[in-house]
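The values are calculated or read from the model by the stated rules, or taken from the named source; none is laboratory data. Source: prediction; values computed, not measured. Using ideal geometry, Cβ is built from the backbone for each residue, glycine included, and neighbour counts are taken over all protein chains shown. For accessibility, only protein heavy atoms count, side chains too; no ligands or nucleic acids. Shrake-Rupley method; radii C 1.70, N 1.55, O 1.52, S 1.80 Å.
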Amino acid sequence: MTSRRVLITGAGQGVGRGLALAFGRSGAEVLVNDLHRERSDEVADEIRSAGGSAVPAPFDVCDYGSVVSALADAGPVDVLVNNAGNAGAEGFGGRAKFADTEPADWEPFLRVNLYGVLHCTRAVLPSMIANTWGRILTIVSDAGRTGDPGGAVYGAAKAGAAGLTRSVALENGRHNITANNISLGTMRTPMTEPLWAEHADSPQAKEILRNYAVRRPGVPEDVTELALLLAGDQGSWITGQTICVNGGYSFGL
Ligand SMILES: NC(=O)c1ccc[n+]([C@@H]2O[C@H](COP(=O)([O-])OP(=O)(O)OC[C@H]3O[C@@H](n4cnc5c(N)ncnc54)[C@H](O)[C@@H]3O)[C@@H](O)[C@H]2O)c1
């Protein structure tokens, strides 16, 4: 990835951090985005300490004005990884059946998981088109592919983001721009850490893992090689796809 500039959103921890470190090792210049400035700084420092190139890029992907102005300051990017997301303010704790939710409950899911992806994708496309090269990777969730009882709006937002990817792929392939989704199963990251750290042997954790052929949660390192392939020149004829990294979740259901 030498000579490529890569913007990774939500890269301050979890999957995004794992991707940022891997892109840093691959020789790319990494723009480390996060809502929390100190997390962007820490991961950028970590990449530089390992000999890589990185710049902190703290901004809120939900605020289109901030996205546009951060990118105007940072300059064009070759690769966008739409990773910032959340499963709700309380993560796994905030789950509810759709019939028990109100429109006000939907906002936090839609803002980051769907609008965040719309904002960043829209902001990077003009310079990718001008450069006739670009890669857009969007981290989605099996919640959006298979449905997710208790996570309906999160799943809807992720499915919306995945749909955007397909249209962006069709519209921009002629400019050597590819767009793909990586659909994750349940991961062990700060988002879900309470589930594994405090309740690893709980009925809830066991129930989740029962649906996985490989009976463990995913870790960020499970995602990095696929992301590097899709982001590189070797991935130039893979576009509009949703590729699952999920330990076999759902194919045996
Ligand atoms: N953890 C899982 O089990 C799981 C499963 C499927 C999909 N995913 C998806 O993978 C991605 C990464 O998840 P994770 O588990 O690493 O999450 P995480 O909560 O551990 O980390 C997400 C990072 O994104 C940042 N972020 C949140 N909102 C932001 C915003 N508006 N602007 C900029 N940064 C923001 C957070 O500050 C945090 O550092 C998300 O899109 C998530 O929906 C996760």
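Taking first residues from the range 120-133 that are over 13 Å from Asn176 (Cβ atoms) and partners that are among the aromatic types (Phe, Trp, Tyr), the Cβ contacts under 8 Å between residues at least 6 apart in sequence or on separate chains come to Arg122/Tyr64; Ala123/Tyr64. Applying the condition of being open to solvent by less than 30 Å² (accessible area, probe 1.4 Å) and without any contact (Cβ under 8 Å) to a residue 40 or more places away in the chain to the range 47-60 and asking which residue is nearest to the ligand (Cβ to nearest atom) yields Phe59. The C-beta contact set for the range 61-77 (first residue farther than 24 Å from Thr132 by Cα and open to solvent by less than 40 Å² (accessible area, probe 1.4 Å), second residue basic (Lys, Arg) and near the ligand (Cβ under 10 Å from one of its atoms), distance under 9 angstrom, 6+ apart or interchain) comprises Val61/Arg111; Cys62/Arg111. Note on the range 2-43: residues that are modelled with pLDDT of 95 or more, out of contact with any His (no Cβ under 9 Å at 6 or more places or on another chain) and open to solvent by 20 Å² or more (accessible area, probe 1.4 Å) amount to 15. When Leu170, Leu184 are checked against the criterion of being under 28 Å from Asp78 (Cα atoms), open to solvent by 20 Å² or more (accessible area, probe 1.4 Å) and of a type outside the set (Ser, Thr, Tyr), a single residue qualifies: Leu170.
Does Ala44 satisfy being in contact with a Phe, Trp or Tyr (Cβ under 6 Å, 6 or more places away or on another chain), more than 9 Å from the ligand (Cβ to nearest atom), in a helix (DSSP H, G or I) and farther than 19 Å from Val219 by Cα? Steps first, please.
Working: in contact with a Phe, Trp or Tyr (Cβ under 6 Å, 6 or more places away or on another chain): no; more than 9 Å from the ligand (Cβ to nearest atom): yes; in a helix (DSSP H, G or I): yes; farther than 19 Å from Val219 by Cα: yes.
Judged against the criteria, Ala44 is not a match.
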